[in-house]
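The values are calculated or read from the model by the stated rules, or taken from the named source; none is laboratory data. These numbers come from a predicted model, not from an experiment. Neighbour counts run over all protein chains shown; Cβ positions are idealised from the backbone, glycine included.
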């Protein structure tokens with residue numbers, strides 16, 4: 001396993017990590033979730049990603065029970081949560097001081113840990129002054145309940161606003177951002193955030209490296225009932241990534257993967273990890289064999305030469321250009 005600094009922070013994260021969105025507490029049994037975490041940890045993965053909204057809190061409950069059972073040395077792994085969607089009543093959504101503090105305490109109980117290594121603002125909150133959110137996060141750090149805080153799907157402007165507030169009041173600024181990043185979704189990581197990597201040392205914990213499964217090639221013959229694209233409430237995924245163009249490009253990428261002795265998912269994951277501004281690639285899995293295949297993508301990194309990457313680029317034809325902004 002390879003380890004990278006989380007941006008300018010000193011903490012080290014495995015270049016591959018395990019996420020629980022759509023799986024823990026929902027799609028898979030608790031026994032499978034336990035096995036996925038065991039396999040991940042034994043492979044050197046040290047970061048487990050979660051959020052209060054995943055399976056309405058059940059994902060964190062499942063992960064918390066597993067962490068208690070394994071009783072790993074707390075210094076050997078990182079666990080995260082995210083705050084924004086907590087319920088449908090007033091003060092159960094957003095990033096107000098009340099919401100941030102209460103959500104953190106609830107996540108700590110569900111995960112059965114004394115502190116969160118990483119805590120993310122799951123989305124920006126237009127109804128809460130950024131100063132209020134930054135101060136709340138700083139308070140949690142001072143109390144020892146979180147170690148690092150960051151954002152998820154925030155614009156570069158919003159991240160810099162939070163960073164500026166933190167510097168103005170001598171508070172701890174956001175350390176990392178969790179954006180979607182894959183072969184079909186590139187603008188934010190490769191263009192919009194480009195100045196933040198050098199300017200403030202932003203770390204990234206990227207999600208959806210397989211474009212919600214499209215880059216695995218499994219949708220080339222349609223949508224089966226056991227895939228996420230068939231799940232109720234995820235119609236937006238189907239509309240944004242499951243396009244004829246993306247399916248066609250995926251088919252063209254297959255020969256390159258085969259030439260390298262790899263699978264399509266391995267090529268897509270390795271392509272993400274090849275980007276030096278990616279701190280860690282969050283993997284999602286519903287089966288142990290699937291997870292093991294994805295972890296093996298690390299073996300592909302040395303094979304992604306400039307010539308191979310150029311061939312991939314010729315198929316994708318979507319490299320972000322500064323003129324787009």
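Taking only region 268-300 into account, find how many residues are in a helix (DSSP H, G or I) and without any contact (Cβ under 8 Å) to a residue 40 or more places away in the chain. Give the derivation first.
Of region 268-300, the ones in a helix (DSSP H, G or I) are 268-274, 288-300.
Going one step further and asking which of them are without any contact (Cβ under 8 Å) to a residue 40 or more places away in the chain, we end up with 270, 274, 289-290, 293, 296, 299.
Number satisfying all stated conditions: 7.
Scanning region 24-39 for residues that are without any contact (Cβ under 8 Å) to a residue 40 or more places away in the chain, in contact with a helix residue (DSSP H, G or I) (Cβ under 9 Å, 6 or more places away or on another chain), surrounded by fewer than 24 Cβ atoms within 10 Å (Cβ to Cβ) and assigned to a loop (DSSP other than H, G, I, E, B) yields a count of 2. Taken together, the residues in region 1-23 that are part of a loop (DSSP other than H, G, I, E, B) and within 25 Å of residue 53 (Cα to Cα) amount to 6. When we screen 159, 172, 146 for residues that are surrounded by fewer than 18 Cβ atoms within 10 Å (Cβ to Cβ) and in contact with a strand residue (DSSP E or B) (Cβ under 8 Å, 6 or more places away or on another chain), the only hit is 172.
Here residue 220 passes the criteria (1) at pLDDT below 95; (2) part of a helix (DSSP H, G or I); (3) surrounded by fewer than 15 Cβ atoms within 10 Å (Cβ to Cβ) except the one numbered (2).
What number of residues in region 40-78 are farther than 18 Å from residue 108 by Cβ, part of a loop (DSSP other than H, G, I, E, B) and without any contact (Cβ under 8 Å) to a residue 24 or more places away in the chain? Result for region 40-78: 1. Does at least one position in region 111-125 carry a residue that is touching a residue at least 12 places away in the same chain (Cβ under 8 Å), more than 20 Å from residue 204 (Cα to Cα), touching a strand residue (DSSP E or B) at 6+ places or on another chain (Cβ under 9 Å) and in a helix (DSSP H, G or I)? Yes, the conditions are met somewhere in region 111-125. Within region 196-212, the residues that satisfy the criterion of being farther than 15 Å from residue 151 by Cα and touching a helix residue (DSSP H, G or I) at 6+ places or on another chain (Cβ under 7 Å) are 209, 210, 211, 212. For region 163-201, residues that are within 18 Å of residue 140 (Cβ to Cβ) and assigned to a loop (DSSP other than H, G, I, E, B) total 8. Please identify the pairs in which a residue from region 199-211 that is on the phi > 0 side of the Ramachandran plot and surrounded by 22 or more Cβ atoms within 10 Å (Cβ to Cβ) has its Cβ atom under 6 Å from the Cβ atom of a residue that is outside any strand (DSSP E or B) and modelled with pLDDT under 95, counting only partners at least 6 apart or on another chain. Note: pairs meeting the criteria are 211/241.
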